[in-house]
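Shown next, in structure tokens, is the structure this report addresses.
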Amino acid sequence: MFLNPWSLALTLCSFVVLILGAVAGKTAVRVLRFWEPGSDSNRQIRLENEIWLSSTLVAYGLGFQIITLILFVLAADQFCQVIVGAMCATGALLANPYGMPALLVKLFGVFFYGFWILLHQLDIRSEQYPLVRIKYLALLLLLPLLVLDVTLQTLYIAGIKPDIITSCCAVVFGDSTGGGSNLLSGYSQQELLLAFIISIIALVILGRGLLQRWQPWLAGLYAAGWLWFFPLSLVVITTVISSYVYAMPYHKCPFCILKPEYHYFGFALFGTLIPATFFGASAALAGLVRGKGGLAGVVDRYQKLAVRLSLVLLVIFSGLSFYHYLKYLIIGGEG
Amino acid sequence: MAQYNIEKQLNILDYALSSLWRRRMKSLSVLLVFAAVIFLLASFQMVTQALSDKAKQVLAYTPEITLQKMSAGRQETFPLTYKDQLDGIFGIRRVVPRIWGYYFDEVRLANYTVMGMDTAEMPEGDRLDSALASGKMPSHEESGRVVIGHSIKKGLDLGGRSTFSLFRPDLSLKPFEISGEFSQNTDILTNDLMVMTLDDARDLFAIPAGQVTDLCVYVANPKEIDTIARKISDALPAVRVLTRPQIQKTYQVVFGWRSGFGSICLLAALAAFVILAWDKASGLSPEERREIAILKVLGWETSDLLAVRFWESVIVSGLACILGMTAAYIHVVYFSASLFRPVLMGWSVLRPELHLLPSMAAGDILLILAFTVIPYLAATVIPAWRSATVPADSALGG
């Protein structure tokens, strides 16, 4: 179903990002072949100019990818109006096998782009550009991900037939009584909530510890903690938190909270969780390149900042996620 | 550190603003063309949005299930006795027979929608009087009385009279007396509508007694619509069963398709604009080269110059968006989207005076931004880099 403004916008944006990626990729190949930091040849000077272009392009690409991620979810929400049986984005994304993979690739793609920008920012802080080769190798590795993203998205849009019956979110995420397909079942709410709270406390303790005394293994543990906390949060948001936001016990859906009816609450929730995870995980990642020439001071400063930011965002995120839950416990349900 | 960065960005923003102002003719031309492109796309999006909202509102009052008899792929009348076969199905609140047809008025060259039904039988029938500007709905035994829509009254040119006649198929005249008039609030539905009793409609169209064109089935619980529809189609296999959700989805597909088609046509305009923006951004005058060279000599880095260009693009697209979207809103709300209405609404002789009110959610604005701003930013980034890497010595003529 390409003849729809949402599909067209998504395809257009992907096309633009692909072009930007291809231009940046061309620079990457030249850098990997001809980069000589010591030389003052014409080619080296041209290359030094070109790395500005490619990093700007990737920065734009990252921005555009974040927009297409939001656009993709909103588009799925629109598509559900034309797919028989789908009532929200969940049904629309499950309408064919490419929907969910496309969403996941987009979501994780944003992290990888972010890591690249981080490498770039660290690199230009040092006068010797010590990370140029790593950076451009990483860029070349990112391009297949970009192509995969665009391919899945195109397959998804092409595969939407406005007459396929799919499950609506009331069946997919709700407690299934019949034989409906249930994405996230078999988790007990209490245990999940307990794991969620323990993880938050553990992350706060680890983060505080790191700020007082920096140790590489502790930073690794902190990053691993975030990598565990991110999927856990997605599950908890879907199965526990969302139904408190909707004030409906059987409505469990991570997408409807993004709608204006719920005051765009989901954007605040995901908008703190995703950057928090990024900063939490990137602190340890930045530590990996600390040994390169002239980067020690820069990396140290970034790591402190990243841990501090991730902690602040974590506090905001947990406040937001428990708001509706506590409100329900204290003043009861709505009307 | 953060304080310093913010101050730096603010200063760069300041510089970008002044640089835009220095080249105001160039900036203004790009801004106006960009605003025009956004205006076209946003109008299209808003009309679609408003029309599909309107369709949703209208459909909310239609019966949950409509039954029609099909023969050789065409609709035909069927006996009222079909109604008896629905008796055994639980969950049906009421079944209302209806005659729905179109009357072509050869004198005025206009199509009227004629609906014959017994309004007292409808679940909300007694509330229908509130949709009338004057008079009341004709009741079962009031033969010859009709309620008409706004355009029909204008088209018939009645003056002070309250009677008029229409031709039966055999060209004999059937007289009618106006018993009421629909209010203009419901124009989208009632503009060309004429409501009369079942017997009058049969008489007008020469339909045999006991025959109707549709049966409206009202269902108490919306969750049972599909089940009841399946049972009906089992009981009456020759009958076409239309459910309200099905009709709603069809409308959505049609509006989405039309809007997508319009957007594809507008992509040509967008492409032309992107080429213009690319061209404007890459053609550097000697003064601009000199300016960049001086900034570089003063210690500006490539990244600072790129930031200036970025802010310039953001300012231009932001202003263009505000201009274009405001103009689109005015076009849709106050001028009823006169540019695009024929494309989106189809064609009819009696055009309802439609008042469209688009409700733009944040998502729709994001959609328009993605359509316009992203290609623009992408088109200006490579020229911006080219201008930012002008070697200082050559530009200063050294």
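Residues of region A:66-106 being crowded, with 21+ Cβ neighbours inside 10 Å, touching a Lys or Arg at 6+ places or on another chain (Cβ under 8 Å) and of a type outside the set (A, V, I, L, M, F, W, C), which ones? Result: A:Thr68, A:Asp77. The residue that is most open to solvent (accessible area, probe 1.4 Å), counting only those in region A:210-269 that are more than 30 Å from A:Arg290 (Cβ to Cβ), more than 14 Å from chain B (Cβ to nearest Cβ) and among the aromatic types (Phe, Trp, Tyr), is A:Tyr244. Scanning region A:51-65 for residues that are within 8 Å of chain B (Cβ to nearest Cβ), surrounded by fewer than 24 Cβ atoms within 10 Å (Cβ to Cβ) and of a type in the set (A, V, I, L, M) yields a count of 1.
For region B:380-389, which residues satisfy the criterion of being more than 9 Å from every other protein chain (Cβ to nearest Cβ) and either touching a His at 6+ places or on another chain (Cβ under 9 Å) or buried (at least 22 other Cβ atoms within 10 Å of the Cβ) (or both)? Spell out the reasoning first.
Of the residues in region B:380-389, the ones more than 9 Å from every other protein chain (Cβ to nearest Cβ) are B:380, B:383, B:387.
Scanning region B:380-389 gives a single hit, B:Thr380.
When restricted to residues that are closer than 19 Å to A:Pro130 by Cα, among the aliphatic types (A, V, I, L, M) and either open to solvent by 60 Å² or more (accessible area, probe 1.4 Å) or in a loop (DSSP other than H, G, I, E, B) (or both), region A:18-45 contains 2.
Of the set (1) touching a residue at least 24 places away in the same chain (Cβ under 8 Å); (2) part of a helix (DSSP H, G or I), all apply to A:Val82 but (2).
Results for (1) open to solvent by less than 40 Å² (accessible area, probe 1.4 Å); (2) touching a residue at least 60 places away in the same chain (Cβ under 8 Å), shown as yes or no for each residue.
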position	(1), (2)
A:Leu118	yes, yes
A:Tyr136	yes, yes
A:Leu146	yes, yes
A:Asp149	yes, yes
A:Leu155	no, no
A:Ala158	no, yes
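Scanning region A:1-50 for residues that are among the aromatic types (Phe, Trp, Tyr) and within 11 Å of chain B (Cβ to nearest Cβ) turns up A:Phe2, A:Trp6, A:Phe15. Within region B:354-368, the set of residues being facing chain A (nearest Cβ under 10 Å) and assigned to a helix (DSSP H, G or I) comprises B:Ala362, B:Gly363, B:Asp364, B:Leu366, B:Leu367, B:Ile368. Among the residues that make up region B:283-298, is at least one of them within 14 Å of chain A (Cβ to nearest Cβ), crowded, with 16+ Cβ neighbours inside 10 Å, part of a helix (DSSP H, G or I) and more than 31 Å from the chain's Cα centre (by Cα)? Within region B:283-298, one or more residues are within 14 Å of chain A (Cβ to nearest Cβ), crowded, with 16+ Cβ neighbours inside 10 Å, part of a helix (DSSP H, G or I) and more than 31 Å from the chain's Cα centre (by Cα).
Screening A:Ser54, A:Ser126 for residues that are over 21 Å from the mean Cα position of the chain (by Cα), among the hydroxyl-bearing types (Ser, Thr, Tyr) and modelled with pLDDT of 85 or more leaves exactly one candidate, A:Ser54. Among the criteria (1) within 14 Å of another protein chain (Cβ to nearest Cβ); (2) touching a strand residue (DSSP E or B) at 6+ places or on another chain (Cβ under 9 Å); (3) open to solvent by less than 60 Å² (accessible area, probe 1.4 Å), the one B:Asp304 does not fulfil is (2). When B:Lys174 is tested against (1) in contact with an Asp or Glu (Cβ under 7 Å, 6 or more places away or on another chain); (2) part of a helix (DSSP H, G or I), only condition (2) is not met. From the list B:Thr66, B:Thr48, the lone residue that is crowded, with 18+ Cβ neighbours inside 10 Å, part of a helix (DSSP H, G or I) and hydroxyl-bearing (Ser, Thr, Tyr) is B:Thr48.
The values are calculated or read from the model by the stated rules, or taken from the named source; none is laboratory data. This is a predicted model, so every value here is computed, not measured. Virtual Cβ from ideal backbone geometry, glycine too; neighbours counted across all protein chains shown. Note: areas computed on protein heavy atoms with side chains; ligands, DNA, RNA excluded. Shrake-Rupley method; radii C 1.70, N 1.55, O 1.52, S 1.80 Å.
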